[in-house]
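The values are calculated or read from the model by the stated rules, or taken from the named source; none is laboratory data. This structure is a prediction, so every number in the text was calculated from the model and none was measured. Glycine also receives a Cβ, built like all others from the backbone with ideal geometry; neighbour counts cover every protein chain displayed. The area values use the complete protein model at the heavy-atom level, side chains included, leaving out ligands, DNA and RNA. Shrake-Rupley method; radii C 1.70, N 1.55, O 1.52, S 1.80 Å.
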Amino acid sequence: MKAWQITRLGAPADALRWTELDEPVAGTGQLVVRVRAAAANFPDVLMCRGEYQIRPELPFTPGVELCGEVIAADPRAGGEFEIGDRVIGVTSMPHGAFAELAVVNAREVFPAPAVLEDPQAAAFHIGYQTGWFGLHHRARLQRGETLLVHAAAGGVGSAAVQLGKAAGARVIAVVGGADKAEIARAQGADIVVDRTVEDFVGVVRAVTAGHGADVIYDPVGGETYTRSTKCIAFDGRIVVVGFAAGVVQAPALNHALVKNYSILGLHWGLYRQHRYRAVREAHDALVELADKGLVSPVIDSTIPLADLPGALTRLGAGDTVGRVIVRP
Ligand SMILES: NC(=O)c1ccc[n+]([C@@H]2O[C@H](COP(=O)([O-])OP(=O)(O)OC[C@H]3O[C@@H](n4cnc5c(N)ncnc54)[C@H](OP(=O)(O)O)[C@@H]3O)[C@@H](O)[C@H]2O)c1
């Protein structure tokens, strides 16, 4: 089968090799799936560079998220899925999604929502699950509260905007550029701040009459995090989602004390290990929202598998909106 492989770490354009590989086999509790669509995630870029918290042994095929069709199942996979089923979820390294065939753990995939076509279904797992756990389990977002989302036109951010609106919050979206501002508006954001021309701190203070944002969802980190502490509300919650800016902030805890806000770490992958039932329930709740048309993944573009390196380069540079979808 055709697949991308990483044999040495580096920028995506240098690290990825277009290869012919033997078809993978299902290990204990695993399924082999034919990839119908794979969604490019920021962690795919970080994995190419060797900068992600998970560092698979070389060589490996990257691609953390997909929509696929089951073509083989280990007998110990629990029997929930049959050959031909359409599933979404995360892959099991070294057999990632940027290939014709991939391997998944049966416990880490779920039935693909019937209402979503393959490209959107492929993008409906990581960003939405992360948003669900960040906003509901960690931040306990309440109807009527103000939610600020950074990188709000990105994969994780656009999902958080939609989920925030679905939960009845007033959503302020922060984005880097006019095109991204349009995307955030189209997702239902009440107020959109283009960070390239406006300071979000001043806008948040102005539109909340000095109260600040009750919840801040931050996939960017670094200076963006630090500025967020200037407009977090009393009793507010900042969800630390990621460090797309490339800088891991070292927050001043005396500031959290004197302003009375919480800093909440979020590692969604750990819920898969420790709270399987909650992940399953979140999937069901998310499918219900998709069925009602309240959430729907933003797609930047759908490209052939062979064009992957350019797409990951754009993603790493912050030049994509929603998800780039790759199809074998
Ligand atoms: N905690 C978890 O469990 C979890 C789960 C999934 C993903 N994540 C993390 O969430 C973050 C977002 O992931 P994603 O796949 O959805 O990516 P993404 O948001 O689609 O892309 C990253 C966005 O970050 C913003 N950004 C700001 N400074 C940047 C810089 N120096 N370089 C690149 N981008 C920059 C850009 O948006 P603007 O220009 O609009 O600011 C860019 O579009 C990543 O850090 C990822 O690792 C965490």
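Key figures for this structure:
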| quantity | calculated |
| --- | --- |
| Subset of segment 228-259 [in a helix (DSSP H, G or I) and surrounded by fewer than 18 Cβ atoms within 10 Å (Cβ to Cβ)] | Leu253, Asn254, His255, Ala256, Leu257, Val258, Lys259 |
| Tally of residues being of a type outside the set (D, E, K, R) and closer than 17 Å to His125 by Cα across segment 26-43 | 9 |
| Residues satisfying the stated conditions in segment 243-301, i.e. of a type in the set (Lys, Arg) and away from the ligand (no atom under 16 Å from the Cβ) | Lys259, Arg277, Arg280, Lys292 |
| Count of residues meeting criterion [more than 18 Å from the chain's Cα centre (by Cα) and open to solvent by less than 40 Å² (accessible area, probe 1.4 Å)] in segment 260-278 | 1 |
| Per-region count, segment 119-159, residues within 13 Å of the ligand (Cβ to nearest atom) and without any contact (Cβ under 8 Å) to a residue 60 or more places away in the chain | 1 |
| Where Leu31 falls short, out of the listed (1) surrounded by fewer than 22 Cβ atoms within 10 Å (Cβ to Cβ); (2) more than 27 Å from Arg314 (Cβ to Cβ); (3) touching a residue at least 12 places away in the same chain (Cβ under 8 Å) | (1) |
| Checklist (1) under 30 Å from Glu100 (Cβ atoms); (2) without any contact (Cβ under 8 Å) to a residue 40 or more places away in the chain applied to Pro297, failing item | (2) |
| Positions within segment 85-116 being closer than 26 Å to Cys48 by Cβ, open to solvent by 50 Å² or more (accessible area, probe 1.4 Å) and among the charged types (D, E, K, R), in sequence order | Glu100 |
| Selected residue [more than 15 Å from the ligand (Cβ to nearest atom) and more than 22 Å from Pro113 (Cβ to Cβ)] from Gly221, Gly168, Gly188, Gly176 | Gly168 |
| Among (1) at pLDDT 95 or above; (2) out of contact with any His (no Cβ under 8 Å at 6 or more places or on another chain); (3) away from the ligand (no atom under 11 Å from the Cβ); (4) at negative phi - the single one Ala233 does not satisfy | (2) |
| Residue list for segment 197-218, restricted to those being exposed (fewer than 15 other Cβ atoms within 10 Å of the Cβ), hydrophobic (A, V, I, L, M, F, W, C) and within 15 Å of the ligand (Cβ to nearest atom) | Val197 |
| Number of positions in segment 187-221 that are of a type in the set (Gly, Ala, Ser), in contact (Cβ under 8 Å) with a residue 24 or more places away in the chain and more than 13 Å from Val175 (Cα to Cα) | 4 |
| Output for segment 139-190, where each listed residue is at positive phi and either small (Gly, Ala, Ser) or crowded, with 22+ Cβ neighbours inside 10 Å (or both) | Gly144, Ala151, Gly168, Gly177, Gly188 |
| Check on Leu315, buried (at least 18 other Cβ atoms within 10 Å of the Cβ) and either modelled with pLDDT of 95 or more or part of a helix (DSSP H, G or I) (or both) | yes |
| Considering residues of segment 46-84 that are open to solvent by 60 Å² or more (accessible area, probe 1.4 Å) and within 16 Å of the ligand (Cβ to nearest atom) only, the residue nearest to Gly10 (Cα to Cα) | Arg49 |
| Checking Pro43 against (1) assigned to a strand (DSSP E or B); (2) within 17 Å of the chain's Cα centre (by Cα), the condition it does not meet | (1) |
| Tabulated pairs, segment 222-248, first under 19 Å from Ala209 (Cβ atoms) and without any contact (Cβ under 8 Å) to a residue 40 or more places away in the chain, second part of a loop (DSSP other than H, G, I, E, B) and within 8 Å of the ligand (Cβ to nearest atom), C-beta under 7 angstrom, 6+ apart or interchain | none |
